[in-house]
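The values are calculated or read from the model by the stated rules, or taken from the named source; none is laboratory data. Here the structure is a predicted model, which is why all the values come from computation and not from measurement. In this analysis, Cβ positions are derived from the backbone assuming ideal geometry, glycine residues included, and neighbour counts consider all displayed protein chains. Ligands, DNA and RNA are stripped out before the accessible areas are found, and what is left, the full protein with its side chains, is counted by its heavy atoms. Shrake-Rupley method; radii C 1.70, N 1.55, O 1.52, S 1.80 Å.
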Amino acid sequence: MGFDKTIVEKELAKPIREISIIRLVDLFLSFGYHIRASDIHIDPQEDSVKIRMRVDGVMQMAFSAPKSIQDEIISRIKVLSDLRIDEHLAPQDGRFKFALEGKKIKFDVRVSIVPTYYGENSVMRLLVEQGKGYTLEDLNLSVNDFEKIKRAIKKTYGMILVTGPTGSGKTTSLYTLLKVLNRPEVTIITVEDPIEYSLDGVNQIQVNATTNLTFANGLRSILRQDPNIIMVGEIRDQETANIAINAALTGHLILSTLHTNDSATALPRLLDMKVEPFLIASTVNIVIAQRLVRKICPDCKMKKAVTPSQIQAIKNYFDSEESLKHLYAGKGCQTCENSGYLGRVGIYEILEVTELVRSAIASRQSAAEIKKLAIQEGMTTIFADGIRKAKEGLTTVEEVLRVMQE
């Protein structure tokens, strides 16, 4: 792992006056980076401060700090993020750059501070630029899904929508697609809230409520900038949906996200935003629904006999009982801190808008009907994709069930 947890514990064990707050916050960030945490939560309690970290999508307790240094920890984070130190009753958002190991490793940290019952808390998101190196191959798509995405990004107009709950890897997928599309002969502009990673050769615009730079206003301005490809961080309202649809109709390729649970639900969601069904049918190229599941640790991966409950959960997804002899799991080792998991992988459901699906949307059919048609047309559901990855030994059936039932 390359970082000893006891270094942080020793700092916290010192007498209060001897604790260096600057060093302590740096240690939290260094430890978070080394255990691959996506978020660090500083949570004030009645008589202590809990420091928890989210690793591979799962929260875990990391440290407990004395209550008496709570305000100093929050103040240090505010100083780093250029936030108001004298403001304690309003939420504040900021970001800063953090360097460790002699400035060899640098990453952005996005900060949110909110007043709570026991004082201000802070959540720091570590934007370690993993998204930068991704290629389409790294997304671990099935051959069928890979071909669908390649067809969709070859089109010069229309919409590519990515859906899923918060923290399901939607932004990474969009950035990956933008990297593939980013060529000298095209202009790409994005409007995001917030900008997670900087992309070379892409004009990125940050939403700003104080200057009334909303998704809708940003999108209007972008259309006057002569782009070929536009990425809108999220379609949240009727106004943004209508501008995006019109831009897709007038020869732009639009990439965006929606908060829905599966791919078929995205289409009626646009109907809820008062977009005409024939417009949805003629502009949406594909909808990618996704989740992230933890990957089995390669250092302690082993075969396991299949249990009756696993057979029950997955029997519809395998051709014969024969192929259900064994699955895989992580035993737990030093590399994965005895969790049996290391890193995460996406599971997907890619709905391609075929002629059949198009007419179903135009006639306002329900999400369930659209999903049924898409499956007939060869769509693999998220659950089936997860089970396929469990069979291949990338993840476990329990992990797929946990993520799908959350």
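Going by amide H atoms built from the backbone, whose H comes under 5 Å of the H on residue 260, apart from near neighbours?
The answer is 164.
Computed FRET efficiency, Cβ-Cβ of residue 105 and residue 326, R0 30 Å: what is it to the nearest 0.05? Don't skip to the answer; put the middle values down first.
Values: r = 40 Å, r/R0 = 1.32.
So the FRET efficiency works out to roughly 0.15.
Kindly write out, for segment 242-255 in residue order, the coupling ³J(HN,Hα) from the Karplus curve 6.51 cos²θ - 1.76 cosθ + 1.60 (θ = phi - 60°), rounded to whole Hz, with x marking Gly and Pro.
With coefficients 6.51, -1.76 and 1.60, one gets 5, 5, 4, 4, 5, 5, 5, 6, 9, x, 10, 8, 10, 10 Hz.
For the chain, set up a GNM with springs between Cα atoms under 10 Å and report which of 386, 164, 343 has the largest fluctuation.
Of 386, 164, 343, the Gaussian network model singles out 343 as fluctuating most.
Can you give me the angle between helix 21-34 and the longest principal axis of the chain, using Cα atoms only, in degrees from 0 to 90, rounded to the nearest 10?
40
Determine the shape class of segment 330-392: with a ≥ b ≥ c the square roots of the Cα gyration tensor eigenvalues, call it rounded for a/c under 1.5, and otherwise prolate if a/b is greater than b/c, oblate otherwise. Provide the component values of the computation, followed by the final result.
Numbers: a/c = 4.54, a/b = 3.84, b/c = 1.18.
Note, shape of segment 330-392 comes out prolate.
Mind pulling the per residue volume of the convex hull built on the Cα atoms of segment 134-403? Å³ is fine. Display every interim value, and only then the final one.
Details: hull volume 37.2 nm³, N = 270.
Once divided by residue count, the hull of segment 134-403 is 138 Å³.
What number, in percent, do you get for the relative contact order of the chain if the mean sequence gap of Cα pairs under 8 Å and at least 6 apart is divided by its residue count?
Numbers: 727 pairs, mean separation 49.0, N = 406.
About 12 percent, as a whole number.
First check a/c for segment 1-123, with a ≥ b ≥ c the square roots of the eigenvalues of its C-alpha gyration tensor; if it is under 1.5, answer rounded, and if not, answer prolate when a/b is larger than b/c or oblate otherwise.
On the way: a/c = 1.40, a/b = 1.18, b/c = 1.19.
Rounded, since a/c falls under 1.5.
Would you please give the residues with an amide H less than 5 Å from that of residue 155, counting only those at least 5 places away or on a separate chain, with H modeled from the backbone geometry?
none
Can you tell me the 0 to 90 degree angle between the C-alpha axis of helix 170-181 and the longest principal axis of the chain, rounded to 10?
Helix 170-181 sits at roughly 60 degrees to that axis.
Sort 128, 191 by accessible area with a 1.4 Å probe, largest first. Can you show the working numbers first?
Details: 128 35, 191 0 Å².
Ranking 128, 191 by accessible area, largest first, yields 128, 191.
How far is helix 382-391 tilted, in degrees, relative to the longest principal axis of the Cα atoms in the chain, given as a value from 0 to 90 rounded to the nearest 10?
The helix 382-391 is inclined about 70 degrees to the chain.
Given the Cα-Cα distance of residue 309 and residue 156 and 0.36 nm per residue of separation, how much length would full extension add, in nm?
Numbers: separation 153, 0.36 × 153 = 55.08 nm, distance 4.70 nm.
Result: 50.4 nm gained on full extension.
Can you run phi through the Karplus equation (6.51, -1.76, 1.60; θ = phi - 60°) for segment 199-212 and list ³J(HN,Hα) in whole Hz, with x for Gly and Pro?
Using θ = phi - 60°, the values come out as 10, 4, x, 10, 7, 10, 10, 9, 4, 9, 5, 5, 9, 6 Hz.
Over segment 1-78, calculate the relative contact order: mean separation of alpha carbon pairs under 8 Å at least 6 apart, over the residue count, as a percent.
Working: 101 pairs, mean separation 19.2, N = 78.
Taking the mean separation of contacting Cα pairs over the length of segment 1-78, I get 25 percent.
Please tell me which of these pairs span more than 18 angstrom C-alpha to C-alpha: 148/274; 5/301; 103/170; 10/50? All intermediate terms of the calculation are to be shown ahead of the outcome.
Numbers: 148/274 28 Å; 5/301 25 Å; 103/170 30 Å; 10/50 16 Å.
Result: 148/274; 5/301; 103/170 exceed 18 Å.
Would segment 157-290 count as rounded, prolate or oblate if I go by the C-alpha gyration tensor, calling it rounded below 1.5 in a/c and otherwise prolate when a/b exceeds b/c, oblate otherwise? Please list the in-between numbers first.
Working: a/c = 1.31, a/b = 1.24, b/c = 1.06.
The shape class here is rounded.
Scan around residue 291 for amide H atoms under 5 Å from its own, H built in the peptide plane at 1.01 Å from N, and keep only partners 5 or more places away or cross-chain.
347
Tell me, what ³J(HN,Hα) does each residue in segment 153-160 have, in order and in whole Hz, if you take phi through Karplus 6.51 cos²θ - 1.76 cosθ + 1.60 with θ = phi - 60° and put x for Gly and Pro?
7, 7, 6, 8, 8, x, 10, 10
Please build a GNM for the chain, connecting alpha carbons under 10 Å apart, and tell me which residue among 126, 100, 27 fluctuates the most.
It is 100.
For a protection proxy built on the mean count of beta-carbon atoms within 10 angstrom, sort 287-297, 197-207, 215-225, 234-244 highest first, please. Show your work: numbers first, answer last.
Working: 287-297: 25.3, 197-207: 14.7, 215-225: 17.4, 234-244: 20.3.
Answer by packing, highest mean first, reads 287-297, 234-244, 215-225, 197-207.
Treating cross-link reach as a plain straight distance, find the aspartates and glutamates whose alpha-carbon is under 18 Å from the alpha-carbon of residue 372, omitting any fewer than eight places away in the same chain.
Correct list for residue 372: 145, 262, 349, 352, 355, 385.
Given the Cα-Cα distance of residue 140 and residue 112 and 0.36 nm per residue of separation, how much length would full extension add, in nm?
6.9 nm
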